[in-house]
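Structure, as structure tokens:
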Amino acid sequence: MQLGASIAVGDLGAGPAAMRDYAQTAEGLGFDYLVAPDHVLGIDPARIAPGQRGSNATAYHDPFVLFGFLAGVTRKIGFAAGVLILAQRQAALVAKQAASLDALCEGRFRLGVGVGWNEVEFQGLGMDFHTRGVRSAEQVRFMQALWAREGVTFKGKYHELTDGGINPRPRSGKVEVWFGGHAEQTLKRVAKHGDGFMPNRWPPGDEVLKIFDRLRGMIKAEGRKPEDVGLEVWVSPGKGTPDDWRKEVAFWKKAGCSHVLAHTTFTSAIHERIKGKTFDDHVKAITQYRDAVKDLL
């Protein structure tokens, strides 16, 4: 089981030194991968609802730019978008960006995708908010075709191409696509087209075990092997004790998860951000977390 760490751009600062130092520190500590979120646009802080995320007062790097930079200052740590809001972008352009990043980081990148919730972003990017789910499903199929073949002819409801292609393409013929989200349609997309599933809503317990079992059944029904589809969950170094962390990681490992992300800033009904906001606060949090669970991975 791989252990990842989030990159808190909003806390650490958006400059190159902070990003480089944090990535190299996480790599030196033995983390397997880093995750960065995606927001092109944010809501005016004066109009944000209590508890709502997505304010433009918080810095978010474009994942492709950030990971392209970090690819040059690290050697082996992986990268994952957690998650890229795919439907507000052009699919062919994302396929090109992902393939270019795959070449520059030598296959260390996973493309997490989601449908998004912030209508402001879709408005500003000129994309239809209301068709984002079905469009993103088609986008994944289109991108997978572009990664797999030199010449592609594709005709869908939203995308069409006659004998075109991208270069470079991923050496393996694919960039891993992991779906974030919790809707029934998300499970169907994971089962049919996904390389992994990245939920963050469910705590350890019977409910999530039933969902994972149902997903495995759906994957089999598509003629695929469940063991070929990864599972990533998020955990909080800012919540609980080392004993609590160990129990949670042991549960997720037994549940068949392939990836666990130690997220230092995510807040929800089951997650808590760490108390501090400095570089040292984040490094201390991920160091303590990994030290507590490393023998369980």
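List of remarks:
- Remark: the range 26-40, residue by residue, has Karplus-estimated 3J(HN,Hα) of 4, 5, x, 6, x, 5, 7, 7, 10, 10, 10, x, 9, 9, 6 Hz, where x stands for each Gly or Pro and the curve is 6.51 cos²θ - 1.76 cosθ + 1.60 at θ = phi - 60°.
- C-alpha center-to-center spacing [the range 1-71, the range 199-238] in angstrom: 25
- Descending by average beta-carbon neighbour count within 10 Å, the peptides 245-253, 166-174 line up as 245-253, 166-174, the highest first.
- For the range 2-14, backbone phi angles converted through the Karplus equation (6.51, -1.76, 1.60; θ = phi - 60°) give residue-by-residue couplings of 8, 10, x, 9, 7, 10, 8, 4, x, 8, 6, x, 8 Hz, Gly and Pro being listed as x.
- Amide hydrogen proximity for Val83: with H placed 1.01 Å from N in the peptide plane, the residues at 5 or more positions away or on another chain lying under 5 Å are Asp38.
- Two-site FRET efficiency, Asn56 against Ala221, from Cβ-Cβ distance with R₀ of 45 Å, rounded to 0.05: 0.60
- Cut-off under 5 Å, modelled amide H: who pairs with Leu34 long-range: Ala5, Gly78, Phe79, Ala80
- Gyration tensor (alpha-carbon) shape descriptor, the chain, a/c threshold 1.5: rounded
- Highest average first, the peptides 63-71, 117-125 ordered by how many other beta carbon atoms sit within 10 Å of their residues are 63-71, 117-125.
- Pairwise FRET efficiency - Ala250 versus Ala14, Cβ, R0 = 51 Å, nearest 0.05: 0.90
- Dipole magnitude of the chain, debye to nearest 20 (Cβ charges: Lys/Arg +1, Asp/Glu -1, about Cα centre): 560
- When each of the peptides 30-38, 52-60 is scored by the mean number of other C-beta atoms lying within 10 Å of its residues, the order from highest to lowest reads 30-38, 52-60.
- Other-chain or far-sequence residues with amide H under 5 Å of Trp234's (modelled H): Leu261
- Here Leu209 and Asp295 are evaluated by their C-beta separation; at R0 = 25 Å the FRET efficiency comes out at 0.60.
- Within the chain, percent of DSSP bridges classed antiparallel, to nearest 5: 10
- Expected 222 nm ellipticity per residue - DSSP helices of 4 or more, -39500 (n - 2.57), all of the chain, to 500: -12500 deg cm²/dmol
Read-outs: derived from the displayed coordinates by stated rules, not from any lab. Not measured: the values here are computed from a predicted model. Every residue, glycine among them, receives a Cβ derived from its backbone with ideal geometry; neighbour counts consider all protein chains shown.
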